[in-house]
Amino acid sequence: MIFSMVVVAVGLAFLVVGLALPSIVGVQEVCACRTIMIPNGRIEANPLQLPFLVAGAVVLIGGLGIVGLQLFRRQSVKTP
């Protein structure tokens, strides 16, 4: 049970990191009073965001599946 909870925590951590990464690379913020986005050359999608989100989702679903199977197994053992 502890292993599956660790897997769920790792999946959540990957999702949080994926969501925390900026979605656009090549944009800089200017002026501390306001956030103004000025293109800095070419604007591209962040190549690291999608792998973190996909890995986090896969690991999270896998961990929740393991938790569900363990809870189902415990419940089925208790009933005669």
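Rounded to the nearest whole Hz, the Karplus-based 3J(HN,Hα) values (6.51 cos²θ - 1.76 cosθ + 1.60, θ = phi - 60°) of the stretch 63-71 follow the sequence x, 5, x, 5, 4, x, 5, 5, 5, with x at glycine and proline. Remark: the stretch 5-14, residue by residue, has Karplus-estimated 3J(HN,Hα) of 5, 5, 4, 5, 5, 5, x, 5, 5, 4 Hz, where x stands for each Gly or Pro and the curve is 6.51 cos²θ - 1.76 cosθ + 1.60 at θ = phi - 60°.
Read the figures in this text as sums done on the coordinates, not as results from a lab. No experiment lies behind these values; they were computed from the predicted model shown.
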